[in-house]
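Scroll down for the structure; my scribbles are underneath it.
The values are calculated or read from the model by the stated rules, or taken from the named source; none is laboratory data. None of these values were measured; they are calculated from a predicted model. Cβ placement follows ideal geometry from the backbone for every residue including glycine, while neighbour counts extend to all protein chains displayed.
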Amino acid sequence: MNLNRLGIFSKLTLCFFAFFVGNIFAQDTQVEMEDMLEKTNIDGISKIYVIVSPLSGFPEMQSYQSLNYATEIRRMEDNRVEIVNTLADRMPTPEDAFPMKDIPASLDKRYLSPSPKIESKDPRIHQLAREITSKLSQPTAKEVVFEVLRWNRGHLMWGNPNEVPSALESLDNQTVNCIGFTHLPAAILRHLGIPARTVRTFIARPDQNRLIPHYLLEVYYPSLGGWVTYEPQGPGMPFVENIVLYTHHDWDIEGQRTFRGLARDMNITVSGGVDASIPNPDLSPPKLLSLEFSPSHFDRDQGQDHVLVTLQAQDLESGVDEIRIDMQAPDFSGPGKSLFFHLREGDAFEGTYTAQLGWNMQTGNYAREYRVSRMRMSDKLGNVREYQARHLEEKGFPTGITMETWPALDDAPPEPVYISPFFPERVPAAPNGLHYTFFYTVSKTATKAQGGISTTTDFIHKDGVQVRASSSGSFRTGDYFIGFHFPQYVPPHHPYGKYQMNSYYLRGPNDRQFNILPRNFDKELMDYSFELVKDVPMYTGPVKIESIIIISQEEGYFSNNQDVILIETSGAISPLNDRPQDNDPSFRMFFETLDGKKITNRRSVCRRRFGSHHLLFNPNGPRDTPVRLERIELDDKEGKTHVFYMKDLKDKILDPIPEYMIVND
């Protein structure tokens, strides 16, 4: 095997998860793989990977090769395997005509036949295959394969990682994982008489110390006498990180049972990613020589403000590149802490490293201890060593610290209070398939800690599609926090119809959390849903102001540019652009002083627009002179300006937090 060094390949962001479902026995093409190993060498980039699984060990793994990709099992032990992957520097160039001829009789007929997950004889696959090939004039087989993969990339989007979609399910849903990206083109190609099979792989990720299950596609070309491996999400060459487990004609549950455990093995070590042309490459990760937490018991009342973590590490071949420790409080559901270490003395080959474990004194500490959840050490060639708490205990190293708790400023979690009257009942889809709408939520906490309350609401369609709306900041008035929510809908990937609120999640400034699930919903507060609709006229009728909500620090006037004004309009106002724009000058506000004098240089334009008729304004910084709103100007779709004076809109002003929603302590 030629092991020439090549340049760096550009990478796509692909997602590769798959779970076990299926019904076919694994590795049904072993003879063909052995034949390929005897006849073909690949000129390309080769990399070495080392996988260690100390607890579960390894199932049998066999070398593999296609015309442009190879996985060579160079060395295998009970709990360690050394692998060399080779990716060709260019795609092979088949010369097969289309329809394809001269397919050898010895080729497994299942690669041209329908199977449970690859329904190549279904009429809908026939129609799709005809639609794709009708655009081509006297194509070669290679051109047909590329056109099918190009269609695949343009019409499918990644999602639903926990499913095993068939070709037809992928065609229906169009939101698939790597399995769906492979099954659908395999069905189309088989229908067109082009042999196609699936390739089960792991993506080796030394940087993340894990193996990610993945799926590839292979096509047989008689003119080449072999298989060519494709990344169906590309389309194009696979990544050199793909460790091939076996090939198959359909989804395979036996192979999943055999190999799936490796992807879930938390004790596994994935290292390497090293150019195989390097003589005697370093494949050993760094070693931990010592670890210390000082003090081992933290007490803020003793004047301590952090814990110093000191360790000694060694990597005699390549040198230490990065050390990271993730810590978590077993008795507290708040966020963990990540420590990145810096060299204090010595050098990268053997040195002393330090990091500080500290706390934000604004908030209360609920945890009684912090323990190592994961320690990761990597060297300059990408070799990684992982430690969990039990590994440190086995070596006699400390695993964390104990702590004295101190009183929290707010012992209660934040409470949901109200959802705005601007909540959309019917959301029309914008012409380009991109639509924004808006609502706000009100929550409450007695904390005096800095920071607001972050709010997340989830809505679910009857088909299981979920839409999330997270607040992008919050506005505080007394004990109440108002969060602004901007859910986004993208048809056709989001189906039309009703979306019911499914959960309501709050996190306070001191990390206290509150999660309301459907079974706990207060109907008056939580029974919210919207309907995503199409073909709804949005800009007809007279221009009106339906309601106004003013959120200000000082009731009745503005003295702070953090104040907010929300307006709900109706009628033929200036239409949306393709995408809602910030600072839309089609809608304006003008202010006057408290004694009624107009201020010509105090004007605000619409800061954000939600849906077709919801507008958000800031008072635009009246810094030295308290002001009140004098008039509002709205442009219609013909460009004509409509003027509304506040003195005529008193009955349109709504309370941001209705009085009946406020519960006095």
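Of the residues SER106, SER170, only one is of a type in the set (Gly, Ala, Ser), free of Cβ contacts under 8 Å to residues at least 24 places away in the same chain and part of a helix (DSSP H, G or I); which?
SER170
What about GLN208, is it polar (S, T, N, Q) and either surrounded by fewer than 24 Cβ atoms within 10 Å (Cβ to Cβ) or free of Cβ contacts under 8 Å to residues at least 12 places away in the same chain (or both)?
yes
Scan the stretch 222-244 and tell me whether some residue there is within 19 Å of MET76 (Cα to Cα) and in contact with an Asp or Glu (Cβ under 8 Å, 6 or more places away or on another chain). Don't jump to the end; show me each part of the working.
So the first thing to find is which residues in the stretch 222-244 are within 19 Å of MET76 (Cα to Cα), and the list is 241-244.
If we keep only those that are in contact with an Asp or Glu (Cβ under 8 Å, 6 or more places away or on another chain) as well, we get none.
Among the residues of the stretch 222-244, not one is within 19 Å of MET76 (Cα to Cα) and in contact with an Asp or Glu (Cβ under 8 Å, 6 or more places away or on another chain), which makes the answer no.
One line per residue, one yes/no per condition, for (1) modelled with pLDDT under 90; (2) more than 30 Å from VAL81 (Cβ to Cβ); (3) among the polar types (S, T, N, Q):
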site: MET157; (1), (2), (3): yes, yes, no
site: LEU168; (1), (2), (3): no, yes, no
site: ARG197; (1), (2), (3): no, no, no
site: ILE203; (1), (2), (3): no, no, no
site: GLY226; (1), (2), (3): no, no, no
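Can you name every residue in the stretch 54-84 that is in contact with a helix residue (DSSP H, G or I) (Cβ under 8 Å, 6 or more places away or on another chain) and either surrounded by fewer than 19 Cβ atoms within 10 Å (Cβ to Cβ) or modelled with pLDDT under 90 (or both)?
Residues satisfying the conditions are SER56, PHE58, PRO59, GLN62, SER63.
Could you please give the count of residues in the stretch 273-306 that are of a type in the set (A, V, I, L, M), over 17 Å from GLU393 (Cα atoms) and either modelled with pLDDT of 90 or more or surrounded by fewer than 16 Cβ atoms within 10 Å (Cβ to Cβ) (or both)?
1
When you look at LEU171, is it closer than 18 Å to ALA97 by Cβ and outside the structural domain of ASP463 (by TED's automatic domain parsing), yes or no?
no
Taking interchain pairs and intrachain pairs at least six residues apart, which have beta carbon atoms under 6 angstrom, with the first residue in the stretch 638-659 and under 25 Å from GLY596 (Cβ atoms) and in the same structural domain as VAL605 (by TED's automatic domain parsing) and the second in a strand (DSSP E or B) and among the acidic types (Asp, Glu)?
THR641/GLU633; THR641/ASP635; VAL643/GLU633
Mind telling me which of the residues THR247, THR229, THR310 ends up being among the β-branched types (Val, Ile, Thr) and without any contact (Cβ under 8 Å) to a residue 60 or more places away in the chain?
THR310
Check off (1) surrounded by fewer than 24 Cβ atoms within 10 Å (Cβ to Cβ); (2) outside any strand (DSSP E or B); (3) not acidic (Asp, Glu) for GLN233 and give me the number that stays unchecked.
Of the numbered conditions (1) surrounded by fewer than 24 Cβ atoms within 10 Å (Cβ to Cβ); (2) outside any strand (DSSP E or B); (3) not acidic (Asp, Glu), the odd one out for GLN233 is (1).
Counting only residues that are buried (at least 24 other Cβ atoms within 10 Å of the Cβ) and either in contact with a helix residue (DSSP H, G or I) (Cβ under 9 Å, 6 or more places away or on another chain) or not polar (S, T, N, Q) (or both), how many does the stretch 168-181 have?
6
Within the bounds of the stretch 87-94, is there any residue that is among the polar types (S, T, N, Q) and either surrounded by 16 or more Cβ atoms within 10 Å (Cβ to Cβ) or under 22 Å from HIS248 (Cα atoms) (or both)?
Quick first cut of the stretch 87-94, residues among the polar types (S, T, N, Q) only: 93.
Those still in the list that are either surrounded by 16 or more Cβ atoms within 10 Å (Cβ to Cβ) or under 22 Å from HIS248 (Cα atoms) (or both) too: none.
No: the stretch 87-94 contains no residue that is among the polar types (S, T, N, Q) and either surrounded by 16 or more Cβ atoms within 10 Å (Cβ to Cβ) or under 22 Å from HIS248 (Cα atoms) (or both).
From the list VAL228, VAL240, which one is closer than 21 Å to GLN62 by Cβ, in a loop (DSSP other than H, G, I, E, B) and of a type in the set (Val, Ile, Thr)?
On the way: VAL228 fails: in a loop (DSSP other than H, G, I, E, B).
Residue meeting the stated conditions: VAL240.
Answer with yes or no whether GLU143 is surrounded by 13 or more Cβ atoms within 10 Å (Cβ to Cβ), under 25 Å from VAL274 (Cα atoms), at pLDDT 90 or above and of a type outside the set (Phe, Trp, Tyr). Even if it seems obvious, please write down each step before you answer.
On the way: surrounded by 13 or more Cβ atoms within 10 Å (Cβ to Cβ): yes; under 25 Å from VAL274 (Cα atoms): no; at pLDDT 90 or above: yes; of a type outside the set (Phe, Trp, Tyr): yes.
Judged against the criteria, GLU143 is not a match.
Just for strands (runs of 3 or more DSSP E) wholly inside the stretch 538-652: which have at least 3 residues that are at pLDDT below 90?
Per the criteria, 544-551, 564-570, 584-593, 598-606, 608-610, 614-617, 627-635.
Just give me the residues in the stretch 115-126 being under 34 Å from the mean Cα position of the chain (by Cα) and not in a helix (DSSP H, G or I), in sequence order.
Selection gives SER115, PRO116, LYS117, ILE118, GLU119, SER120, ASP122.
Of all residues being touching a strand residue (DSSP E or B) at 6+ places or on another chain (Cβ under 6 Å) and either modelled with pLDDT under 80 or not small (Gly, Ala, Ser) (or both) in the stretch 262-272, which is surrounded by the fewest Cβ atoms within 10 Å (Cβ to Cβ)? Just the residue, please.
My answer is THR269.
Against the conditions (1) under 21 Å from GLY193 (Cα atoms); (2) surrounded by fewer than 20 Cβ atoms within 10 Å (Cβ to Cβ); (3) touching a residue at least 60 places away in the same chain (Cβ under 8 Å), where does TYR111 fall short? Just the number, please.
Every condition holds for TYR111 apart from (2).
So GLU38 fits all but one of (1) out of contact with any Asp or Glu (no Cβ under 8 Å at 6 or more places or on another chain); (2) modelled with pLDDT of 80 or more; (3) surrounded by fewer than 18 Cβ atoms within 10 Å (Cβ to Cβ); what number is the exception?
(2)
Can you find a residue in the stretch 252-274 that is closer than 25 Å to GLY154 by Cβ and outside any helix (DSSP H, G or I)? Lay out the reasoning, then the answer.
Of all residues in the stretch 252-274, those closer than 25 Å to GLY154 by Cβ come to none.
Within the stretch 252-274, not a single residue is closer than 25 Å to GLY154 by Cβ and outside any helix (DSSP H, G or I).
Residues in the stretch 326-364 that are surrounded by fewer than 15 Cβ atoms within 10 Å (Cβ to Cβ), modelled with pLDDT under 80 and small (Gly, Ala, Ser): how many?
Qualifying residue count for the region: 3.
For VAL442, indicate whether it is closer than 15 Å to LEU532 by Cα, outside the structural domain of PRO656 (by TED's automatic domain parsing), at pLDDT 75 or above and among the aliphatic types (A, V, I, L, M).
In short, no.
Does the stretch 526-536 contain at least one residue that is over 26 Å from the mean Cα position of the chain (by Cα), assigned to a strand (DSSP E or B) and at pLDDT below 80?
yes
Kindly evaluate ARG257 against the criterion of being free of Cβ contacts under 8 Å to residues at least 60 places away in the same chain and at negative phi.
Here the answer is no, as ARG257 does not meet what is asked.
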